[in-house]
Structures are given as C-alpha cells and as structure tokens.
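Working notes for the structure below.
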Amino acid sequence: MKALPALPRLHAITDERIARRPDLGEITRLLAAGAGAELALHARGRALSGLEHYELAVRLSAGPPARLFVNDRLDVALAVGAAGVQLGQGSLTPEDARRLNPRWWIGKSVHDLREAEAAHAGGADYLLVGPVFPTATHPDRAPLGSARLKEIAAVGLPVIVIGGVTPERIPALLAEAAIHGVAAITALWHAADPADAARAARVARARPARRRRGAQPHHRAASHPRGRHGRTGGCDRAGAFRRRGLMLDIPFTIGGRSFHSRLMVGTGKYRDNETMARAIDASGAEIVTVAVRRVDLDRTKEEGVLYHLDAKRYFLLANTAGCYTAEDAIRYARLAREAGFNEFIKLEVIGDQETLLPDVQGLLVAARTLVAEGFKVLAYTNEDLVTALRLEDAGCAAVMPLASPIGSGLGLLNPFGVRTIKRRLKVPVVVDAGVGTASDACLTMEQGVDGILMNTALAEARDPVAMARAMRLAVEAGRTAYLAGRMPKREVAMPSSPLEGMLD
C-alpha cells in the first residue's frame, strides 16, 4: 500500500485564470525549485468544468513534486491519484471523503473557530484557515487576525494559513499561533520570480515554532523510507496515524474495497452448516471464502453452504481450492463469475498433493490470465519474496503467503520471509494457511501484515465458535501491538523505575 507523505508546508493554489495560463508548467517547475519537497500544488477552479479541472490536475501532476491536492472535485482526485483533497464548506464531509480513499490527506477550509471545531470532530487531517489578513481576493470577508487564528490553532490540527500572509508576517504567526504552513495564490503564481517567492516562504518557515507545554505535535509521524523503490511515507508503521493522542488505523482495503475486520475465514470442514454460520458470526469477519469446486452453487438449497451466508452481510470470495493446474483454476474462476460471484477471486494452484504447496509457475500463468480478464486476484503462494514480487507485477490485488502448509496448524514458520514480503510489496499482504490457534494469529499480525485468512483452525477446534471469537480478538491485538511498536529485546535487565530520587 502506498505510504503517506508528510503534510507539505507551502500550498500553491490555482484559480480559473491560473488554470488556463500557457506557462503553468514552467511556473510549477520554478515553484518546485524554490520549495522542493515542501510544496503542494492545489488544482482549484470553481468555475472550471469537470474536464477542465481534470486537465488542470494532470498538468500540475506532470511536474515536480508529486504532492498534488485537488479542491472539492473528489472524482478528479481519484482519477489522477492525488495525495490529498481540500474540502470547502459545501463539500462532502471528511468522513465521506475518507471512504473513497483512506490514504488522502483531507483538509477542510474554515473561517472561524466554530467551523474549525466541526472540521476536527468530522475527521479532517488539517485546516486551511483564512483570510488571516486583509486580501483583495476576499474583500468582503473580515480578516481573522492573530488572536482568533491562535484559537483555531489550539483545536489541535495542523493549520495552513492563507490571505495576505507575506514572508515578513510568517515568523510572528509561527510564534503566536504555531501554524504548520502557508497557502497562497497571487503571491506565488504571479510573482516576478516564483522560485524566489517559494524560497522566501520556505526560509521564513524554517524557524522553529514555540509549542505550549504539554501540547501534542500538530503533524503525523515523521516520514521514513520503505519499499523496494525507496518510497517515503509519514504514516506510523503500516499506514496508521495519530490524532488527538490516539493510534488510528486505516481501513483494510483490497482491490478498492475497504473492510473493518482483518480476519478472513473459510467455509470448509465444519461438522454442520449451523456451526459454520455461528463461527463465522463470532469471528467478526466480513470476507468469507467459498471453494467453487467443492460447494453446491445453488443458493436455494438449505443443505448447501451458500444458503447460510447472507450475501448482503458478507463479502463472498470465491476460491479455486482443489485445482492442480492453471487451466483448472482459470476455468473455476470463470465459473464463479458466471454463477453470480463478484470479480474477486482467491487463486490457488496446488503443486503437490501431500504438502499442498503451491505450483508457482502455474500460479503465475493463471494470475496473468485472470487479471487480463478483469479479475481482482488474491494469490495464495509460499513465503518466497521473488514469487510475491512477480505476482504483484502480474497485477494481483493481494498476495497471500502461507504461514505453514494448509491445514497443518503449525503457525508462522518463517516470520522473516513474511515480513520481507510485506516490506517490499505495495499491494496488501494477507497470510493464508497454517494458523492453528489465537497466539499464532497474534504473532502473525505482529509482523505487520494486512490480514489473515483461516479455515481449519476454526472448523477443527473443539469449540469452533469460541475459537472464532478468540481469533477475532487475537487479530485485533496483534495488529494493535504492531502499530504500537514493541519494546526492544535486550540481553540484560533494565529497571522499570528510575533509580534517581530513591529513599536511602
């Protein structure tokens, strides 16, 4: 999954006139030369048509840097892969916007303390506040001034100020209101030397801001390198971020679909369908896999598995379990789609009947074919990094390395291999097969993977419903522990209380 960059501090916002300037690309290049990675470019134009807004965003995204924000038009932001969106008072709520893309920086334009508090409560990541000083852009709107700006900054979100904010005024704003950054239209796009204008704002902002004692930092976690292409991100670990002192996680998203539960469960091996239904309910899982080759696809038969699974409640994921060739797997994937399943398919191509380990070559052939046919493929594989990278390159929506062989219950045998796959891939990594009990699930999630799929651990437990409940809690605990970050392991004891100030 794409890592989230730190929130830029200089925001260059366009309007309709700027959007139509023939030298837009050159000015963008100059602004980037002056501000570097601190620069965000806002594709904004209230009078622009949808197509014009899209073309503006494309032109801005063509130049450095890649931190593109789109104002109001969330459809355009999705189309161009923007880093963030800026919402006006008449836009969707931050919560609604986050459903479209949980990776966006979501800003809210506010003009007073009431609007700022509402934006904070609604889940905004930062505030665009103004006008701070008198400006020709909004002559009818009274400037906030530093006192009211200070009240808004105390709400606790990063504040980007706009409206008459010159480089000379920025040090005072930093000292009085602890602002995060500056936004401008005319001062940047119409400057005689855009690079110097951006550089002046950047230099002024470089002075450290004084922070009130006990105040929380007004930013997400510092950026850190990750990924095989050297991408950087500002998320805490696997994409979570901190807000109001709490660790918040991002949704579990595969192929554009988001889920709350990171536990996926199967439907095989249960002693009866009633037990299966109760266990799935206790697990809290939203994604339930169905082996197309092994179940009756007639949903009207009470003795069938599908009769007991509410398609409105569960996301039914067809899988190709039991297929030993690429041709068989492709055929059953197509059959599932014809039978009314969605375009998602959990792809298995088994290579050995005794160990049930995957046929890597056949898996890659089937994955490429199904991706080309429009399937969103979740590929079951071993814990080999090279295979995982090739599956990602083939277009798979997720890669699913095993913890240990199917049905073995041996738990996570190669945590290093699984961690490496998660670190190197951009697509979600879901561990599939081999988890035997709750401690296995917790340990697996502590590796930073996006989720776990299990079946036998529930179906063959003495009490499948109780085990399903335990697995749900274990997955949540493991994920939370990973995000929290464990203490370092040491070979010597360390006192848990300070030695200074002890009574003699």
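Taking segment 375-393 as the range and being part of a helix (DSSP H, G or I) and closer than 24 Å to Arg337 by Cα as the test, the residues that pass are Leu391, Glu392, Asp393. Scanning segment 296-307 for any residue that is more than 29 Å from the chain's Cα centre (by Cα), in a helix (DSSP H, G or I) and not polar (S, T, N, Q) turns up at least one such residue. Here is the figure for segment 251-276: residues that are open to solvent by 30 Å² or more (accessible area, probe 1.4 Å) and under 21 Å from Glu476 (Cα atoms) total 4.
Only a single criterion out of (1) assigned to a helix (DSSP H, G or I); (2) open to solvent by 10 Å² or more (accessible area, probe 1.4 Å); (3) under 24 Å from Gly451 (Cα atoms); (4) of a type outside the set (Lys, Arg) is not satisfied by Leu370, namely (2).
Here the condition is being farther than 22 Å from Tyr126 by Cβ, basic (Lys, Arg) and assigned to a loop (DSSP other than H, G, I, E, B); of Arg46, Arg21, it holds for Arg21 alone. Scanning segment 337-363 for residues that are among the aliphatic types (A, V, I, L, M) and farther than 23 Å from Val429 by Cβ turns up just one, Ala339. Filter segment 26-71 down to the residues that are open to solvent by 50 Å² or more (accessible area, probe 1.4 Å) and closer than 20 Å to Thr186 by Cβ and list them by number. Answer for segment 26-71, where residues must be open to solvent by 50 Å² or more (accessible area, probe 1.4 Å) and closer than 20 Å to Thr186 by Cβ: Glu26, Arg29, Ala33, Glu38, Arg46, Ala47, Arg59. When Arg114, Arg148, Arg169, Arg141 are checked against the criterion of being open to solvent by 50 Å² or more (accessible area, probe 1.4 Å), within 20 Å of Ala12 (Cα to Cα) and out of contact with any Cys (no Cβ under 7 Å at 6 or more places or on another chain), Arg169 stands alone in meeting it.
Name the residues in segment 61-81 that are within 16 Å of Gly107 (Cβ to Cβ) and not in a loop (DSSP other than H, G, I, E, B), would you? Within segment 61-81, Leu68, Phe69, Val70, Asn71, Leu74, Val76, Ala77 meet the criteria. Say whether the condition of being among the acidic types (Asp, Glu), part of a helix (DSSP H, G or I) and modelled with pLDDT of 90 or more is met by at least one residue in segment 125-144. Looking through segment 125-144, none of the residues is among the acidic types (Asp, Glu), part of a helix (DSSP H, G or I) and modelled with pLDDT of 90 or more. Residue-level analysis places Ser109 among those that are buried (at least 19 other Cβ atoms within 10 Å of the Cβ), of a type in the set (S, T, N, Q) and out of contact with any Pro (no Cβ under 6 Å at 6 or more places or on another chain). Of the numbered criteria (1) hydrophobic (A, V, I, L, M, F, W, C); (2) touching a Lys or Arg at 6+ places or on another chain (Cβ under 8 Å); (3) within 25 Å of Ser91 (Cβ to Cβ), the one Leu56 fails is (2). Among the residues of segment 276-295, write down those that are β-branched (Val, Ile, Thr) and in a helix (DSSP H, G or I). Ile280, the sole residue that qualifies. The residues of segment 82-96 that are in contact with a Gly (Cβ under 9 Å, 6 or more places away or on another chain), buried (at least 17 other Cβ atoms within 10 Å of the Cβ) and either part of a helix (DSSP H, G or I) or without any contact (Cβ under 8 Å) to a residue 24 or more places away in the chain (or both), listed by number, are Val85, Pro94.
The values are calculated or read from the model by the stated rules, or taken from the named source; none is laboratory data. This structure is a prediction, so every number in the text was calculated from the model and none was measured. Quick reminder, even Gly has a Cβ in these numbers, built from the backbone with ideal geometry, and neighbours come from all protein chains shown. Note: accessible area is taken over every heavy atom of the protein model, side chains too, but ligands, DNA and RNA are not part of it. Shrake-Rupley method; radii C 1.70, N 1.55, O 1.52, S 1.80 Å.
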